[in-house]
Amino acid sequence: MSIPEAQQQRLKELFPEVFTEGGKVDWDRLRLTLGEQVDVGKERFGMNWPGKADCFKTIQQPSIATLAPAREESIDFDTTQNLFIEGDNLEVLKLLQKSYLGKIKMIYIDPPYNTGNDFIYPDNYSENLQTYLEYTGQVDGEGRKFNTNAETDGRFHSKWMNMMYPRLFLSKNLMKEDGLVFISINDGEVNNLRMICNEIFGEECFVTALIWKSRQNVDSRAQSGVSIDHEYIVIYCKSISRLKGKEIDKNKYSNPDNDTRGPWMSNNMLGLATRAQRPNLHYDLTDPETGIMYSCPESSGWRYSKEAMDQKIKDKRIIFPKKIDGRPREKIFLNELSSTQTNFSSLLDEDLVGHTLNGTREVRDILGENIFSFPKPVSLLKVLVEQGSAEDDIVLDFFAGSSTIAHAVIKLNLENQQRRRFICVQLPEPIETGQSSNKDFKTISDVSKERIRRVIAHVRKEQNEKQTEAKKTLFGTDLKDIDLGFKVFKLNQSNFNLWKTDTEKSAESIIKQLELNISHISRDASQEAILFELLLKSGFELTTLVSKEAIAGKSVFSVAEGELFVCLEKELTLELIKGIAEKRPSRVICLDQGFQNNDQLKTNAVQIMKSKGVIKFQTV
Ligand SMILES: C[S@@+](CC[C@H](N)C(=O)[O-])C[C@H]1O[C@@H](n2cnc3c(N)ncnc32)[C@H](O)[C@@H]1O
């Protein structure tokens, strides 16, 4: 289902009565249905900018691309649940719409801040893939250069918003209902970002803008006399959500008097109301053992009524001071807390999350050089990932840069023995010649993949060492099976040839098109590439378990433990069809050319599949 079709479907579920016989929306009926809710006034609150209308065309234009597997660049390709996707994130987000709809718990992005030096990827809604192929040199072999977005450009902010809007719009579809999106940004575009997000997510879904002290030392070069030391992390939720919060400090609880109710901490019992406001909360409190009376301040009174306080005294929950001028406090027992979480401050603790400098050092330590500017510190992203996701959740970063998010997810999984999964998307943005001493680093995605590989290698080494050490002891290790792999995919042209409507109408070019479409599957396409394209089109995740089986002497792919069978053989036989049907999958996909124009075999295949309960039998 295309993106506009999916939107129409949602509208149809809500207002079936506004659809005409031909399946189109009857605008007047929709207005009538909504009645008073339609704003007919000419002036409305909202945000507009040049190019906004094209954003919707960009969103609705379906992708004609695919994601090609790159097994040789991956680790544990067949088993890992982690993904690295190389490509323009707009196309990638479109391609993920079906398979990952409503499945992502947390999105973190750190987009270009639009500083005047940033490269802003030029979206062209009608031929976005073509733009990408030109950019990566897959079309003319050289790679077309695109300029950075300069502040002097008349559409400086608009260009940035045109880049962000469709991406955020599409990413929202991927989020779970309780999903959260975290966006790093600075003062330059924070207002525009929040306006865009208010429109896409709704103002009520704004959670907060965390403040991160990114700069450790004061910037004495700043002309304004102010060193801007902070950035924001703007957070929105899809519908209902809250951050995890912070674990309380259990060290504050102890049990000096061996209370049978366990560790406790003392808490102030003053209230918030004056005597005039709450007279029942103003009284003198008497220590039953000493008879000393303690009064409360006139401005606050006590927190509890006299009756509630008497009960607490009876329960031995009140601690009376030794001195007459002291103030009674209450015992709060750790075991009686309804939650051990407390709220998380919107001012991030710099000692915990680190500064930009820490991120720079981390990348340098891993890759041996300063090859990537301003990566985020792992400690910062670890805190955010912990707040926004839990065990087994998927965390997506579609402006991955050096893949700090992958590093943070691996580290957090290791510390907490969890299995969060990451999806990184990164453009193969070229690295200037001479910028790196590593000749393998041609693009930022090369850097990013290598970082993940080195982090994994490092963790594996450490795990092995731990295991060797543990074997020497009596107890062994309790190391859980952490996912230390990642699967690489690259944005590419579809393996299925499309009839090009925009080519010349000359006889020569039409003959060429016809030849190309004799077999509509690209000649160079590998079986694995076709398989993954079909998985994406059928709505399966790219990390779905796939195994190869031999049936009637041919090979068949069993997807998701036999839910779907994909057969890419070019010569199908009746035995093979029967063999697949016997496995009783829900769905089967075969190549149309596999029937080799044998219509009888095809008709039989349809009947056989039906008789064995196959719900969907498709040929492509
Ligand atoms: C600020 S960096 C992210 C840094 C990252 N958080 C880290 O810690 O390394 C933004 C990244 O987004 C990438 N980018 C820009 N436009 C993109 C696009 N259209 N698709 C995918 N990536 C893109 C840039 O190449 C850049 O590496």
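Report, by residue number, each residue of region 245-264 that is in contact (Cβ under 8 Å) with a residue 12 or more places away in the chain and either in contact with a strand residue (DSSP E or B) (Cβ under 9 Å, 6 or more places away or on another chain) or β-branched (Val, Ile, Thr) (or both). Steps first, please.
If we filter region 245-264 for residues that are in contact (Cβ under 8 Å) with a residue 12 or more places away in the chain, which is where we start, we get 245-248, 250, 252-253, 259, 261-264.
Matches in region 245-264: Gly245, Lys246, Glu247, Ile248, Lys252, Tyr253, Asp259, Arg261, Gly262, Pro263, Trp264.
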**Item:** Among the candidates Glu127, Glu86, Glu134, residue that is acidic (Asp, Glu) and touching a residue at least 24 places away in the same chain (Cβ under 8 Å)
**Value:** Glu86
**Prompt:** For region 199-225, which residues satisfy the criterion of being of a type in the set (S, T, N, Q) and over 21 Å from the mean Cα position of the chain (by Cα)?
**Reply:** Ser214, Gln216, Asn217, Ser220, Gln223, Ser224
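I'd like to know if region 48-70 contains one or more residues that are of a type outside the set (Phe, Trp, Tyr) and more than 28 Å from Leu133 (Cβ to Cβ).
Checking region 48-70: at least one residue is of a type outside the set (Phe, Trp, Tyr) and more than 28 Å from Leu133 (Cβ to Cβ).
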**Request:** Go through region 400-412 residue by residue and tally those that are closer than 19 Å to Leu93 by Cβ and part of a loop (DSSP other than H, G, I, E, B).
**Result:** 3
**Request:** Could you please find all residues in region 131-149 being modelled with pLDDT of 85 or more and either away from the ligand (no atom under 14 Å from the Cβ) or assigned to a helix (DSSP H, G or I) (or both)?
**Result:** Thr131, Tyr132, Leu133, Glu134, Tyr135
**Request:** Go through region 147-172 and give me each residue that's of a type in the set (Gly, Ala, Ser) and touching a residue at least 40 places away in the same chain (Cβ under 8 Å).
**Result:** Ser158, Ser171
**Fill in**
Note on region 239-268: residues surrounded by 12 or more Cβ atoms within 10 Å (Cβ to Cβ) and aliphatic (A, V, I, L, M) are Leu243, Ile248, Met265
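Which residues, taken from region 140-155, are out of contact with any strand residue (DSSP E or B) (no Cβ under 9 Å at 6 or more places or on another chain) and either open to solvent by less than 70 Å² (accessible area, probe 1.4 Å) or basic (Lys, Arg) (or both)?
Passing the criteria: Gly141, Arg144, Ala150, Asp153, Arg155.
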**Message:** Criterion first (crowded, with 18+ Cβ neighbours inside 10 Å and more than 14 Å from the ligand (Cβ to nearest atom)) does Leu180 satisfy it?
**Reply:** yes
**Prompt:** more than 30 Å from Pro377 (Cβ to Cβ) and not aliphatic (A, V, I, L, M), is that true of Pro62?
**Reply:** yes
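Filtering region 64-90 down to residues that are in a strand (DSSP E or B) and either modelled with pLDDT under 95 or within 16 Å of the ligand (Cβ to nearest atom) (or both), which residue is nearest to Leu535 (Cα to Cα)?
Filtering region 64-90 for residues in a strand (DSSP E or B) gives 65-69, 75, 83-86.
So of that shortlist, the ones also either modelled with pLDDT under 95 or within 16 Å of the ligand (Cβ to nearest atom) (or both) come out as 65, 67, 83-86.
Details: Ala65: 14, Leu67: 10, Leu83: 15, Phe84: 17, Ile85: 16, Glu86: 18 Å.
Per the criteria, the residue is Leu67.
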**Request:** Inspect all residues belonging to region 112-130 and state whether any of them is within 13 Å of the ligand (Cβ to nearest atom), open to solvent by less than 30 Å² (accessible area, probe 1.4 Å), more than 20 Å from Ala6 (Cα to Cα) and part of a helix (DSSP H, G or I).
**Result:** yes
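In this structure, does Gly388 turn out to be at pLDDT 95 or above, closer than 27 Å to Arg419 by Cβ, among the small types (Gly, Ala, Ser) and in contact with a Pro (Cβ under 7 Å, 6 or more places away or on another chain)?
Values: at pLDDT 95 or above: yes; closer than 27 Å to Arg419 by Cβ: yes; among the small types (Gly, Ala, Ser): yes; in contact with a Pro (Cβ under 7 Å, 6 or more places away or on another chain): no.
Criteria not met by Gly388.
Kindly indicate the residue of region 413-455 that is part of a helix (DSSP H, G or I) and away from the ligand (no atom under 15 Å from the Cβ) and also nearest to the chain's Cα centre (by Cα) among those meeting that condition. I'd like the intermediate steps shown before the answer.
The first filter runs over region 413-455 and keeps only residues part of a helix (DSSP H, G or I), leaving 413-416, 444-455.
Add one more test, that the residue is away from the ligand (no atom under 15 Å from the Cβ), and what stays is 413-416, 453.
Working: Asn413: 16, Leu414: 20, Glu415: 21, Asn416: 20, Arg453: 21 Å.
Per the criteria, the residue is Asn413.
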**Request:** From (1) open to solvent by 20 Å² or more (accessible area, probe 1.4 Å); (2) within 13 Å of the ligand (Cβ to nearest atom); (3) touching a residue at least 60 places away in the same chain (Cβ under 8 Å), pick out the condition that doesn't hold for His407.
**Result:** (3)
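The values are calculated or read from the model by the stated rules, or taken from the named source; none is laboratory data. The model shown is predicted, which means the values in this text are computed figures rather than measured ones. Cβ coordinates were reconstructed from backbone atoms using ideal geometry, including for glycine residues, and neighbour counts include every protein chain displayed. Heads up: the accessible areas ignore ligands, DNA and RNA and are worked out on the full protein's heavy atoms, side chains in. Shrake-Rupley method; radii C 1.70, N 1.55, O 1.52, S 1.80 Å.
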